[in-house]
1. Less than 10 Å Cβ to Cβ from residue 120, Lys/Arg counted +1 and Asp/Glu -1: what total charge do the surrounding residues give?
2. Take the cross-link list 2/98; 98/237; 3/51; 2/51; 147/184 and give me the ones stretching past 25 Å between alpha-carbons.
3. Given DSSP loops and a limit of at most 16 other Cβ atoms within 10 Å, what is the longest stretch of the chain that contains no such trypsin sites (Lys or Arg not before Pro)?
4. Nearest 5 is fine: what % of DSSP beta bridges in the chain come out antiparallel, could you say?
5. Ordered by residue, what ³J(HN,Hα) values in Hz, to whole numbers, does the range 197-210 give under the Karplus form 6.51 cos²θ - 1.76 cosθ + 1.60, where θ = phi - 60° and Gly and Pro are x?
6. As a check on your grasp of the helix formula, calculate [θ] at 222 nm for the chain: sum -39500 (n - 2.57) over DSSP H runs of n ≥ 4, divide by the residue count, round to the nearest 500.
Amino acid sequence: MKKEILTSRHGYDIPCHNCWNGEDRILIVCHGFGSSKLSPMVMALNQEMPKAGVGVFSFDFPSHGESPIWEEGLRVPFCIDDLETVEAHVRQMAPNAKIGYFGSSFGAYITLLYLAGRDHAGERAFLRSAAVAMPRLVDQWVDDRAKADMARQGYFVPDYDYVREMRVTPAFLQDLEENDVFAKYRSDGTQLRMVHGARDDVAPPDAAQAFAEQFGAEIILLPNGEHNLMGEGELDKVLDLTRSFFLNQD
């Protein structure tokens with residue numbers, strides 16, 4: 001695994017991990033909200049996918065992980081721009097490789113917005129615990145305390161045990177309001193495979209199922225799965241589904 005730093009179009013650094021060693025396929029990985037490129041899921045992809053002949057390229061969203069910026073960078077358009085910057089780098093690095101996308105939760109939400117609005121080379125996207133109702137989920141956090149904090153300091157911190165303190169601003173809330181994937185996504189032939197836990201109480205499975213039905217995506221429900229899909233056998237199941245999807249084995 002090689003560390004790389006890309007420069008965003010907004011001027012800040014994008015910390016990246018490059019796990020490509022000449023494979024003819026590469027996954028661009030987008031982590032979840034409050035997570036990072038060092039999440040257990042991303043690290044498992046780094047370890048297992050190259051064994052199957054699929055390279056992995058991951059990065060930190062702004063204000064996540066090793067990103068040098070804080071709440072000013074937590075914007076939906078910035079996240080989409082960074083994914084575009086990463087893909088441009090991957091295309092230059094490996095011009096003959098097939099590109100695919102793997103997005104977890106918030107990363108799946110960003111991936112869908114990216115596919116809907118930007119030029120992209122990838123034809124397949126794997127969406128794990130996709131937060132397709134992200135605007136609705138975050139709106140539930142905006143209670144009286146959050147409103148008071150935003151009035152006092154310009155942001156509030158959700159009450160979750162994230163890897164890094166997440167600072168949600170009014171600008172980010174406005175971005176979410178303007179970026180509903182149910183309204184913005186348009187199928188362009190990109191194949192979508194979704195895997196979701198039936199017991200996910202963070203990103204409700206009913207929203208994922210509704211999205212899959214509306215846009216013709218394949219969806220696999222794991223009956224005992226919670227949001228992180230790290231229960232008994234679930235990580236291996238996600239990895240198996242990822243391998244088969246990107247190697248055209250099913």
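Bear in mind these aren't lab numbers, they're just calculated from the coordinates by the rules spelled out. What you are looking at is a predicted structure, and each value in this text was computed from that prediction instead of being measured. Cβ placement follows ideal geometry from the backbone for every residue including glycine, while neighbour counts extend to all protein chains displayed.
1. -3
2. Cα-Cα > 25 Å for 147/184; rest within.
3. 10-117
4. Close to 30 percent.
5. 3J(HN,Hα) across the range 197-210, in whole Hz: x, 5, 10, 5, 9, 9, 10, x, x, 5, 5, 4, 5, 5.
6. -11000 deg cm²/dmol
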